[in-house]
Structures are given as structure tokens and as C-alpha cells.
1. Can you run down the residue pairs with Cβ atoms below 7 Å, 6 or more apart or on separate chains, where the first is in segment 55-73 and within 16 Å of residue 26 (Cβ to Cβ) and the partner is assigned to a helix (DSSP H, G or I)?
2. How many of the residues in segment 55-81 are in contact with a helix residue (DSSP H, G or I) (Cβ under 8 Å, 6 or more places away or on another chain) and assigned to a loop (DSSP other than H, G, I, E, B)?
3. Could you pull out the residue among 46, 24, 28, 7 that is surrounded by 11 or more Cβ atoms within 10 Å (Cβ to Cβ), touching a helix residue (DSSP H, G or I) at 6+ places or on another chain (Cβ under 8 Å), modelled with pLDDT under 85 and closer than 27 Å to residue 81 by Cα?
4. State all residues of segment 27-54 that are under 16 Å from residue 79 (Cβ atoms) and without any contact (Cβ under 8 Å) to a residue 12 or more places away in the chain; if no residue qualifies, say none.
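The values are calculated or read from the model by the stated rules, or taken from the named source; none is laboratory data. These numbers come from a predicted model, not from an experiment. Methodologically, a virtual Cβ is constructed for each residue, glycine included, from the backbone with ideal geometry; neighbour enumeration extends over all protein chains shown.
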């Protein structure tokens, strides 16, 4: 039986390579969505449109998430135990 937390395995006849799993960073496309779903959204991209914020500042903020999440810091979904995501799906996903 394979360890569920170990991640997917690519194996050949003589060896196996294990792939680490990392949480995906959820980017809210607008501030309203980010406000309504704080337990899902890690970054509010809609803030780029707020007065007094520059696109450059927002770019630095979103890019700073990568070195934090890559070594294992959990995202909002990771903290809440959500392990599945459905892109471009409307409605309820079971």
C-alpha cells in the first residue's frame, strides 16, 4: 500500500522518483471575490485597480508567495484541508 501523503510516483523497473505535492495558490480575479471567499483566496488581484496601488507593487506581492509556498508553507486551501479543485466548473462539485 502506498503512502497517501507521499505524492505521485513515476517508477521504472529499477527505481522510483517521488514528486512532492504543493498547494496551489488561489488568485482572486477581483476584490469582491477575495472578500467573499477569504478561506479560499490567497491573493487579491483586484487590488491592482485600487487607488494608490501600483501594478508593480502587486506583482512583487504575488511573486513573494512563491518562495513561501514552494518549501511547504500552506495556502488557504491547504490550511482548510481542501485538496481538490475543479477549474472552469460552475455549480456544485462533489
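1. Within 7 Å, the pairs are 58/47; 58/48.
2. 1
3. Among 46, 24, 28, 7, only 24 is surrounded by 11 or more Cβ atoms within 10 Å (Cβ to Cβ), touching a helix residue (DSSP H, G or I) at 6+ places or on another chain (Cβ under 8 Å), modelled with pLDDT under 85 and closer than 27 Å to residue 81 by Cα.
4. Correct list: 37 only.
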